[in-house]
Amino acid sequence: FVPAEGVGDTVWISGATGTDENSTIVAPGDIVEQTRQIFRKFDKLLRSIGGTCEDIVATTDYITTTENYRKTADVRREFFKRGFPTSTAVVVAGLLREGAVIEISAIAVLGTRRS
């Protein structure tokens, strides 16, 4: 479950960590796998309202480490076939969810990026 709020075609997606359906962190300490899990959750949420990750126009990444952060670009390529949305990364001292090394929030505009 990822909280989101929509107004018109715009959807603000709350910060999400790489948790599974039991709220357990996947791959503790692994920024790449946690990023993949977050985008899987975003994709599931957006598909449930008629969109896809291609509708994401902006993300904000909160990271506790820069180690392997560049490799998250490969994960983004899995979900964003037509180019990346705008993105901001902020290094933080820690995240609320123990074991999380990245939290991502996003803004999507339904119907703007898909063919």
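The values are calculated or read from the model by the stated rules, or taken from the named source; none is laboratory data. Computed from a predicted structure; not experimentally measured. Every residue, glycine as well, gets a Cβ built from its backbone with ideal geometry; the counts of neighbours run over all protein chains shown. Accessible surface areas use protein heavy atoms only, side chains included; no ligands, DNA or RNA. Shrake-Rupley method; radii C 1.70, N 1.55, O 1.52, S 1.80 Å.
Once the chain from VAL7 to THR112 is taken as fully extended at 0.36 nm per residue, the excess over their C-alpha distance is 36.3 nm. Sorted from greatest to least, the principal axis extents spanned by the alpha carbons of the chain come out as 35, 27, 20 Å. If you plug the beta carbon distance of ASP74 and LYS44 into 1/(1 + (r/R0)^6) with R0 = 22 Å, you get a FRET efficiency near 0.60.
The 3J(HN,Hα) values that the Karplus relation (6.51, -1.76, 1.60; θ = phi - 60°) gives for the stretch 65-76 are, in residue order, 8, 9, 4, 6, 4, 4, 5, 5, 4, 5, 5, 4 Hz. Gly and Pro appear as x.
3J(HN,Hα) along the stretch 25-39: 4, 8, 6, x, x, 9, 5, 5, 5, 5, 4, 4, 5, 4, 5 Hz, from the Karplus curve 6.51 cos²θ - 1.76 cosθ + 1.60 with θ = phi - 60°, whole Hz, x for Gly and Pro.
Excluding ligands, DNA and RNA, the accessible surface per residue across the chain is 55 Å² with a 1.4 Å probe.
Protection proxy ranking of 58-66, 102-110, by the mean of other Cβ atoms within 10 Å over each peptide's residues and highest first, is 102-110, 58-66. Backbone geometry of the stretch 43-52 corresponds, through the Karplus equation with coefficients 6.51, -1.76 and 1.60 at θ = phi - 60°, to 3J(HN,Hα) couplings of 4, 4, 4, 5, 5, 5, 10, x, x, 8 Hz, x marking Gly and Pro. Counting only Cβ charges, +1 for Lys and Arg and -1 for Asp and Glu, the dipole size of the chain around its Cα centre is about 420 debye.
Expressed as a whole percent, the accessible surface of the chain that belongs to carbon and sulfur atoms is 50, based on a 1.4 Å probe. The length gained by stretching the chain between GLU21 and THR86 to full extension, at 0.36 nm per residue less their Cα-Cα distance, is 20.6 nm.
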